[in-house]
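Below is one structure, written out as structure tokens, with a few remarks after it.
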Amino acid sequence: MAKVNRARSTSPPDGGWGWMIVAGCFLVTICTRAVTRCISIFFVEFQTYFSQDYAQTAWIHSIVDCVTMLCAPLGSVVSNHFSCQVGIMLGGLLASTGLILGSFATSLKHLYLTLGVLTGLGFALCYSPAIAMVGKYFSRRKALAYGISLSGSGIGIFILAPVVQLLIEQFSWRGALLILGGFVLNLCVCGALMRPITLKEDQTTPEQNHVCRTRTQDLKRASPCSTWTKEWVQTCLCSSLQQEYSFLLMSDFVVLAISVLFMAYGCSPLFVYFVPYALSVGVTHQQAAFLMSILGVIDIIGNITFGWLTDRRCLKNYQYVCYLFAIGLDGLCYLCLPMLQSLTLLVPFACTFGYFDGAYVTLIPVVTAEIVGTTSLSSALGVVYFLHAVPYLVSPPIAGWLVDTTGSYTAAFLLCGFSMIFSSLLLGFARVVKKMKKTQLRFLAKESDPKMQLWTNGSVAYSVARELDQKDGESAALAMLGSSPT
């Protein structure tokens, strides 16, 4: 497994085996994100069986979500240094083991360790590497490919929600967890599909790393205990990590990272408390599972249609704006939720929230790739999903504490809604400030240097002006720009 045949390509193929990568990522999102969302169906069962309150029971979902995102950089490291196939197969074994051991739990603490930590770690090794592989195989149709891949979460919820409810009724929650453990082993099959590919922009870094590894091995053979050898190894490692995570100093990525914290805080509690909230307003267990299915199937439509739409020429340059727009609308849906207290009102909510949830989830890797580029995408996605960890850990218990304290879900849902709206506004404000700075710099450049005026209007014309003498150069440059001297 350590020696993997790599497909070579100067640019992303935008098809071919790429569609098998999409299929593999699609199955990965079913086995990871959909299964995680379906844990909320076990919420009432766990609460009743172990006689615990909302806050204590909510920690199960929080831990599995937190560990999945907290260990996402570990998934990227395994993928980068071994292969995506190794990482996903190992993750599938760990996740399945956690679910199977969870079916024998005798307390909530056992579920925290098995269903929470062990399963979450397995999901972490699978999720971000699979998504990054899609970005390597697609460029022109990247948003559509991601839309199809990430729609696995919605399709999984649509299918698994009623199935899990049926399994609980037939085999109890223990039998349902055992069966899910066997189902999650399909991640090993998904991992086998992830054929590595070497792109043009990736060719320099592996060569440098190969030289570094070869030199280190030679030095170790020559003098295993040499201090100079250890310093060389440390220098190589530091250089590699510095190059791999250089995007952390980019201002655009910092803004995205901060916004992700608020967005992740808002999005998680709904998938924990939507079923309990529906039950509290008089909806039956089957109807509550049906609402989760609606949320899932509309999530699919959001994944695919929003990905396809933002790949169109008219919206291709506005994917960042579409991303923040979708987050803001999900926040508004949250603010309306406390007023919806019947099945007929909760169905439109599930449709609206599900659509825009699928929309912005599709664009997370697209927006990240726009900021950091394809070469650093795997590491950047690892960091982005890592930033989901703390909000995913604390937001459901905080929401549960608010429900226990106030006796209603209103405060919890309002806090989540305002958090997502703030995330959207932060991204919008940062983009406006960036455009204003660009406009100001362009204006100052025009005022201070005539040559810079030519450069801001056309880089080709400016390069010609530098090579010719100034008078003839200005005339030639202006002629190329289609304007006349003033």
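Read-outs: derived from the displayed coordinates by stated rules, not from any lab. This is a predicted model, so every value here is computed, not measured. All Cβ positions, glycine included, derive from the backbone under ideal geometry; neighbour counts span all protein chains shown.
So how long is each side of the range 321-461 along the principal axes, counting just the alpha-carbon atoms, biggest first, in Å?
Taking max minus min along each principal axis of the Cα atoms, the range 321-461 gives 68, 31, 27 Å.
For the range 66-209, build the charge dipole from Cβ charges (+1 Lys, Arg; -1 Asp, Glu) around the Cα centre, then report which of Ile179, Ala145, Val77 sits farthest towards its positive end.
Ala145
From the C-alpha gyration tensor of the range 36-94, pull out the three semi-axes of the equivalent ellipsoid (sqrt of 5λ each), sorted largest to smallest, in whole Å.
Numbers: eigenvalues 200, 25, 10 Å².
Computed over the range 36-94, the values are 32, 11, 7 Å.
Averaged over every viewing direction, what's the projected area of the C-alpha convex hull for the range 252-391? Give it in nm², one decimal, please.
Working: hull surface 34.7 nm².
Over all viewing directions, the range 252-391 projects a mean Cα-hull area of 8.7 nm².
If only Cα atoms are counted, what is the Rg of the range 316-362, and what is its Dmax, in Å?
12.1, 40
Please work out whether the range 82-174 counts as rounded, prolate or oblate from its C-alpha gyration tensor, where a ≥ b ≥ c are the square roots of the eigenvalues and a/c under 1.5 means rounded, while otherwise a/b larger than b/c means prolate and anything else oblate?
Oblate shape, in that a/c is at least 1.5 and b/c is the bigger or equal ratio.
Given the pairs Lys316/Lys446; Lys316/Lys435; Lys316/Lys434; Lys136/Lys438, which are separated by over 24 angstrom at their Cα positions?
In this structure, Lys316/Lys446; Lys136/Lys438 lie more than 24 Å apart at Cα.
I need the P(r) histogram for the range 1-151: all alpha carbon pairs, bin width 5 Å from 0 out to the longest distance, whole percents.
The percentages, shortest bin first, are 2, 10, 17, 19, 17, 12, 9, 6, 4, 2, 1, 0.
Enter the mean projected area of the convex hull around the alpha-carbon atoms of the range 395-446, in nm², rounded to one decimal.
4.1 nm²
Using the alpha carbons of the range 149-191, what is the convex hull volume per residue in cubic angstrom, as a whole number?
So the per-residue hull volume is 61 Å³.
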